[in-house]
Amino acid sequence: QVQLVESGGGLVQPGGSLRLSCAASGSIYSADAMGWYRQAPGKQRELVATISRGGSTNYAESVKGRFTISRDNARNTVSLQMNSLKPEDTAVYYCNRHQYGLNYWGQGTQVTVSS
């Protein structure tokens, strides 16, 4: 059974940084892609960033140049480094594993950007 556990969320001031981590219960090497999504109150869940098995990355336009996704296959973790945070980045952030046409989700971690 696939389990994903996020950590690293919290309250940060505008312009600050946070690093989210996602620990997977099994090897992530075989996953087609790992990613981060977010959902703000009253809005649909949206893609933030993904990283393929081969290491190719994809980012939402709104986070390009500010966020960096990375994966550590040896430790079965995926991270999201978030810099220059803005109030509009406030959301629950979810880790995602995409494999064999299926999506697996973590429970989410809250990120709040406010002064």
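The values are calculated or read from the model by the stated rules, or taken from the named source; none is laboratory data. Computed from a predicted structure; not experimentally measured. Here Cβ is always computed from backbone atoms with ideal geometry, including for glycine, and neighbour counts include all displayed protein chains. Ligands, DNA and RNA are excluded from the accessible area calculation, which covers all protein heavy atoms including side chains. Shrake-Rupley method; radii C 1.70, N 1.55, O 1.52, S 1.80 Å.
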(request) Run the dipole for the chain about the Cα centre, Lys and Arg Cβ at +1, Asp and Glu Cβ at -1, nothing else charged, and hand back the magnitude in debye, nearest 20. (result) 80 debye
(message) Please compute the modelled spin-label separation between Trp105 and Gln44, points set 7 Å along Cα→Cβ, answer in nm with one decimal.
(response) 1.3 nm
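Full extension from Ser52 to Gln13: what is 0.36 nm times the residue separation minus their Cα-Cα distance, to one decimal in nm?
Numbers: separation 39, 0.36 × 39 = 14.04 nm, distance 3.10 nm.
Fully extending the segment from Ser52 to Gln13 adds 10.9 nm.
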(message) What is the percent carbon and sulfur in the accessible area of the chain, measuring with a 1.4 Å probe over the protein chains and ignoring ligands?
(response) 47 percent
(request) For Ser27 paired with Ser62, estimate the spin-label separation in nm (one decimal), with each label point 7 Å from Cα along the Cα-to-Cβ line. (result) 3.7 nm
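Computed over the Cα atoms of the chain, what is the ratio Rg over Rh, Rh following Kirkwood?
My calculation puts Rg/Rh at 0.95.
Just the accessible area per residue of the chain, please: how many Å² with a 1.4 Å probe?
On the way: 6090 Å² over 115 residues.
Ligands and nucleic acids excluded, the result is 53 Å² per residue.
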